[in-house]
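**Q** Please find one structure pasted underneath; my questions will follow.
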Amino acid sequence: MKDTVVSQLNPQPYHSPSRLAVGQPPIGIDIGGTKINAAVVRHNPATGEDELISLLNSPTPTDSETFLNTLVDMIQKLNAEHSVSAVGISTAGVVDSIHGRILGSTGNMPALKNIANLKELLEAKTGLPVHVENDANAAAYGEWRCGAAKGSQNMFAITLGTGVGMGIVFNGQMYRGSHFYAGEGGHIAIAHKRERKCTCGRWDCWEAFASGTGLQITAEQTLEAAPETAQQEFKAKYCENGKVTTYAVIAAWKDNNHIGQQIIDDWHNHIAVGLSSLINVMDPDMIVVGGGLAQFVDFELLLERTRERSMSDAFQLVPAALGNHAGIVGAAYLALESQPEPLA
Ligand SMILES: [Zn+2]
C-alpha cells in the first residue's frame, strides 16, 4: 500500500544561494554614536566568496542636515564606483523597517531625533531603494547570513557593550515581532527587588547586570563588601585615581586577584541567567555573543553556567565572527533581500 503524504516536513532551505552573485551589489551603512561606517558587500566570482569592500568612515555629525548630507555623500561615492542596487542602514533605536521609520529612542545620536523618516529622505536624495534596520537586528542577521551562525535555523545574537543588544533570526528570517519591539532581551527582568535601575527607566533589567555598566556596578558592590585591606590592595594595584572601571576589573581578573575573579564570576552568572531564560523560550540551535566586552567572556565557563539553567543543552554558544562589520553586512543583505529578485 502506498503511503499518503499528509504534510511535507522537509526543512526549508534556510540558506538560499547568495543573491549577490546575480545583479548589482548593495551598500551597508552602520550608524554608530561616534562613527558612521559604509561599505559595499559583493560577490567575488574569482574566489566564490561574498566580501565587504571600499569601507568609508566619518565621524557622526550631531546636526540633522550635516548628518543627512554625510550619508548621501557616502552613498553617492560608493554608487559611482560600484553601481549599487540598494542601501541598508543599521541604526540604534526601534525601527519600523517596513516604512523605514525610527520609532523609539535613538540613544546618543541627536542628529536622528529630528529624522524619523530616514528611508524616505534618503531615497528622495539618492534615487536608490533604502532599507533601515535596528542595529542589533542587523548585526544578528549579518552573523547569521555569513558569520558565526551560518547554517543555523533559529538563532539569536547578543552584543555586550554599554548596554545589551539582541537580534533574532527565527525559521531563517529576521524576527521583529508585531510592533518591531522583538529582541529587546536586554530588558527582561532578572531580579525583582529593585536592585538596579536600567537606562530604560525600569528596574533590574538583564542589561543593568550583564552590560559594561552592570559589570562596573557589580565591581563597586563587590569591592565595598570586601575587607578593607583587600579593597586598598585592589585599588592601589588596578585602579587609576581610585576609580573602579571595567579595565581595572579585567586587569585584576587576569592577574588572578581574588576580588577580580569573584566579579568576573558573578558577571558570567548574570549573563547566563538572561541567556538561559531566552533559550528556554526560543530553543535556538545557536547563540552568538559579540560586542566590545565579548573578548572578556570565558565561553567554556559561560556555557557551563548557561546549561545549568537551560531546559535544552542542544545549542551552540559561539563568539561573533564579523566584529564591527556585522551591522554593515546584515543591513546590506537585508536591503538586497527586500528588493524583488532579478531575473537570472
Ligand atoms: Zn531596561
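**Q** Could you give each residue of the range 99-104 its phi-based ³J(HN,Hα) in whole Hz, using Karplus coefficients 6.51, -1.76, 1.60 with θ = phi - 60°, and x for Gly or Pro?
**A** Residue by residue, the range 99-104 yields 9, x, 10, 8, 9, x Hz.
**Q** Give the aspartates and glutamates reachable from residue 254 as a straight Cα distance under 12 Å; neighbours fewer than 8 places away on the same chain don't count.
**A** Residue 254 reaches 298.
**Q** Taking the Cα atoms of the range 152-321 alone, what are Rg (to one decimal) and Dmax (as a whole number) in Å?
**A** Answer for the range 152-321, Rg first and Dmax second: 16.6, 54 Å.
**Q** Could you sort 51, 240, 143 by their accessible area in this structure, using a 1.4 Å probe and putting the largest first?
**A** 240, 51, 143
**Q** Compute the angle between helix 299-309 and the longest alpha-carbon principal axis of the chain, please, reported from 0 to 90 degrees and rounded to the nearest 10.
**A** Between helix and principal axis, roughly 80 degrees.
**Q** Let me ask you something else. How large, in percent, is the carbon and sulfur part of the accessible surface of the chain at a probe radius of 1.4 Å?
**A** Looking at the chain in its full context, I get 50 percent from C and S.
**Q** Same structure, new question: GNM on the chain, C-alpha springs below 10 Å: top fluctuator among 95, 40, 72?
**A** Residue with maximal mean-square fluctuation among 95, 40, 72: 72.
**Q** So, for the chain, what is the accessible surface per residue at a probe of 1.4 Å, expressed in square angstrom?
**A** 50 Å²
**Q** Moving on. Can you tell me how the range 283-344 classifies by the Cα gyration tensor, rounded, prolate or oblate, using a/c under 1.5 as the rounded cut? Working shown, then result.
**A** Values: a/c = 4.46, a/b = 1.89, b/c = 2.36.
Oblate, because a/c is 1.5 or more while a/b does not exceed b/c.
**Q** If you split all Cα-Cα distances of the chain into 20 Å bins from zero, what percentages do you get per bin, shortest first?
**A** 29, 52, 18, 1, 0
**Q** At a probe radius of 1.4 Å, what is the per-residue accessible area of residue 131, in Å² to the nearest 10?
**A** Counting only protein heavy atoms, residue 131 exposes about 20 Å² to solvent.
The values are calculated or read from the model by the stated rules, or taken from the named source; none is laboratory data. Worth saying up front: this structure is predicted, and the values here are computed from it rather than measured. Just so you know, the surface numbers come from the protein's heavy atoms only, side chains and all, with ligands and any DNA or RNA stripped out. Shrake-Rupley method; radii C 1.70, N 1.55, O 1.52, S 1.80 Å.
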